[in-house]
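Okay, so here's the structure we're looking at.
The values are calculated or read from the model by the stated rules, or taken from the named source; none is laboratory data. Because the structure is predicted, anything quoted here is derived from the model rather than measured. Cβ coordinates were reconstructed from backbone atoms using ideal geometry, including for glycine residues, and neighbour counts include every protein chain displayed.
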Amino acid sequence: MMKIFATFAALVPFLLGAGSGLAQTARPMLDYASAAAIRDGCLAFAAERGLTVAVAVYDESGRLIAFAHADGTPTAVADFAMWKGRSAATIHVASKDTANWGQGAPGLASWEGGTPIFTAGGVALGGVGVSGAASSEDTACGVAGIAAAGLLASAP
């Protein structure tokens, strides 16, 4: 009985997370509130300019967190926005830049309009993809949405 108690007592710190082998480093994550603020900021930017766009916001692991497909936007544009956003989210590079990397890599967006999302400390949180307007306007829309959420479109 004493041996069982001693073994349990030795394991308690690890079970409570005090053991260095079980520790995880806390890392900022893109939550729904921030993703929705990015989406809504982008939609406001587009509305002010009379643009019809689709907006897809992904977290850093490539999960779709927030999405919008504005009335009047062609159906395929939604797929383009998702492609651009997921590429920027998982690669941490704007699709304007990955467009120069060549064709053929799975998931690599080759059209402008995908923008990565960063914290002020430089942690990659995800990406936003916008499609439906001119490429430069797609990018500007994504950047405006990111700014509306108080985040950055490039690492500091």
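Annotations
- Inter-residue pairs, beta-carbon under 7 Å, first over 11 Å from Leu151 (Cβ atoms) and touching a residue at least 60 places away in the same chain (Cβ under 8 Å) and in region 22-36, second among the charged types (D, E, K, R) and not in a loop (DSSP other than H, G, I, E, B), 6+ apart: Met29/Asp59
- Listed conditions (1) at pLDDT 95 or above; (2) surrounded by fewer than 19 Cβ atoms within 10 Å (Cβ to Cβ) are all met by Arg39, apart from (2).
- Sole residue being charged (D, E, K, R), crowded, with 20+ Cβ neighbours inside 10 Å and at pLDDT 95 or above, chosen from Arg63, Arg86, Arg49: Arg86
- Tally of residues being touching a Gly at 6+ places or on another chain (Cβ under 7 Å) and crowded, with 18+ Cβ neighbours inside 10 Å across region 97-141: 12
- Residue list for region 28-82, filter: β-branched (Val, Ile, Thr) and not in a helix (DSSP H, G or I): Thr52, Val53, Val55, Val57, Ile65, Thr73
- Answer residue from region 100-156, given it is touching a Cys at 6+ places or on another chain (Cβ under 8 Å) and part of a strand (DSSP E or B) and is farthest from His69 (Cα to Cα) among those: Val128
- Any pair with Cβ under 6 angstrom, 6 or more apart, that starts in region 125-138 at a residue that is over 18 Å from His92 (Cα atoms) and in contact (Cβ under 8 Å) with a residue 12 or more places away in the chain and ends at one that is surrounded by fewer than 24 Cβ atoms within 10 Å (Cβ to Cβ) and of a type in the set (Val, Ile, Thr): Ser131/Val77; Gly132/Thr52; Gly132/Thr73; Gly132/Val77
- Only one of the listed residues (Ala56, Ala68) is under 21 Å from Ala44 (Cα atoms), in contact with a Leu (Cβ under 7 Å, 6 or more places away or on another chain), of a type in the set (A, V, I, L, M) and surrounded by fewer than 23 Cβ atoms within 10 Å (Cβ to Cβ). That residue is Ala68.
- Residues that are of a type in the set (S, T, N, Q) and in contact with a helix residue (DSSP H, G or I) (Cβ under 9 Å, 6 or more places away or on another chain) within region 90-129 comprise Ser95, Thr98, Ser110, Thr115, listed in sequence order.
- Residue-level analysis places Ala155 among those that are touching a strand residue (DSSP E or B) at 6+ places or on another chain (Cβ under 7 Å) and modelled with pLDDT under 95.
- Hey, Phe80 modelled with pLDDT of 95 or more, crowded, with 18+ Cβ neighbours inside 10 Å, of a type in the set (Phe, Trp, Tyr) and out of contact with any helix residue (DSSP H, G or I) (no Cβ under 8 Å at 6 or more places or on another chain) or not: yes
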